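Asker: Quick one: this structure, given as structure tokens, is what I'll be asking you about.
The values are calculated or read from the model by the stated rules, or taken from the named source; none is laboratory data. Since we're looking at a predicted model, the values are computed, not measured. Don't worry about glycine lacking a Cβ; one is built from the backbone with ideal geometry, like all the others, and counts go over all protein chains shown.
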Amino acid sequence: MRLVLLGLLVAANLFAKIPLALNWKPEPQFGGFYQTQIGQMAKTAKSDGVELEIMPGGAGTPTVQMVAAGKVPFGVASADEVVLARDRGMLIVALMAVYQTNPQGIMTHPERKLNSIAEVYAQDGTLGIQRGLGYSLFLEKKYGTTAKVKRVPYAGGIAPFLADANYSQQCFVTSEPLLVKKQGKTEKTFLIADAGYNPYTTVVVAKKDYVEKNGPQVAKVVALLKKSWAAYVANPAAANEMMHKLNPTMDPETFQASAEAQKDLIAGGDAKEHGIGYMSEARWKELSEQLKDLGLVKAVLPPKEYFQVY
């Protein structure tokens, strides 16, 4: 019922604020979005008529489907979700990418003295990983033919990792490794991006015809978000405090540590030269070709079909 009502309100343009649907709870990976509600960013948003209603999500929140169905004007997804959606006929486009480097990683125990994901797959032990997704299929294809590691479904959390010195698992480098350290333990983490699979993530998406019909407003939203993310990366304290009130399950220290851990993933890479939010044609081309090679999409579109430049 809520989604139906959202769709009607969007169609009628009756929102006092513009909805942005997140795909997880308020955490530092969304800090720049909450920064739009603080200080100068909030004043800019109000004066430009682009105040956002940030809608927290959770496991399985269908942000791509919500945007494609016109139930919300903006949502957060990953670049591989965009390519998959377009292959399935959902006309959505990416507007900006927060993470230049995808934070998905493989976490292992340092005493095993492994030096790469290739060695994780080549050695005995157990790997908790969610099968069937782009990154896991990529690793299976690259390392699976010689794999010795036993692959089991990823159950979430870090309990299996703490209990078994031969257990490795998928993680976000801004999350699970920090939880391990809070338990007084150590870890060694490898970015999957370094193995060659690096889709943009925390990508702001919109329906293609919405962008075409509301060009000036969309441009203002993207400009606001880029400035807000730059402000958050520079000083995350105020937005972290706001998000902690909305998500008290994460303590203030972890908010700060996570915000620090993600800085280079957001402001590094091409963002050093082109600014936060940047996306390149080459990256979209590589990703779409990888997904086709993995059998996840039937066809590859011209790269500029997947994203809009601002």
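Asker: Would you mention how many residues in the range 255-310 are in a helix (DSSP H, G or I), closer than 27 Å to Glu140 by Cα and among the polar types (S, T, N, Q)?
Answerer: Residues meeting the conditions: 2.
Asker: On the given criteria, is Pro26 at pLDDT 95 or above and assigned to a strand (DSSP E or B)?
Answerer: Criteria not met by Pro26.
Asker: Run down Ala165, Ala206, Ala193 and say which single residue is within 25 Å of Val67 (Cα to Cα) and small (Gly, Ala, Ser).
Answerer: From the options Ala165, Ala206, Ala193, the qualifying one is Ala206.
Asker: Moving on to the next point. For the range 67-87, indicate whether the set of residues that are without any contact (Cβ under 8 Å) to a residue 60 or more places away in the chain and not in a helix (DSSP H, G or I) is non-empty.
Answerer: no
Asker: In the range 107-126, which residues are among the small types (Gly, Ala, Ser) and surrounded by fewer than 18 Cβ atoms within 10 Å (Cβ to Cβ)?
Answerer: Within the range 107-126, Ser116, Ala118, Ala122 qualify.
Asker: Out of all the residues in the range 216-225, is one or more closer than 20 Å to Asn102 by Cα, in the same structural domain as Met55 (by TED's automatic domain parsing) and surrounded by 14 or more Cβ atoms within 10 Å (Cβ to Cβ)?
Answerer: Yes, the range 216-225 contains at least one residue that is closer than 20 Å to Asn102 by Cα, in the same structural domain as Met55 (by TED's automatic domain parsing) and surrounded by 14 or more Cβ atoms within 10 Å (Cβ to Cβ).
Asker: Which residues, taken from the range 278-308, are among the hydrophobic types (A, V, I, L, M, F, W, C) and more than 21 Å from the chain's Cα centre (by Cα)?
Answerer: Hits for the range 278-308 are Ala299, Val300, Leu301.
Asker: Exactly one condition in (1) in a helix (DSSP H, G or I); (2) assigned by TED's automatic domain parsing to the domain that holds Ser280; (3) touching a Pro at 6+ places or on another chain (Cβ under 9 Å) is false for Tyr135; which is it?
Answerer: (2)
Asker: Quickly run through the range 108-131 and pick out the residues that are part of a loop (DSSP other than H, G, I, E, B) and either in the same structural domain as Gly60 (by TED's automatic domain parsing) or at pLDDT 95 or above (or both).
Answerer: His109, Lys113, Leu114, Asn115, Ser116, Gln123, Asp124, Gly125, Ile129, Gln130
Asker: Taking the options Lys148, Lys141, Lys185, name whichever one is surrounded by fewer than 15 Cβ atoms within 10 Å (Cβ to Cβ), touching a residue at least 40 places away in the same chain (Cβ under 8 Å), out of contact with any Ser or Thr (no Cβ under 7 Å at 6 or more places or on another chain) and not assigned by TED's automatic domain parsing to the domain that holds Leu52.
Answerer: Lys141
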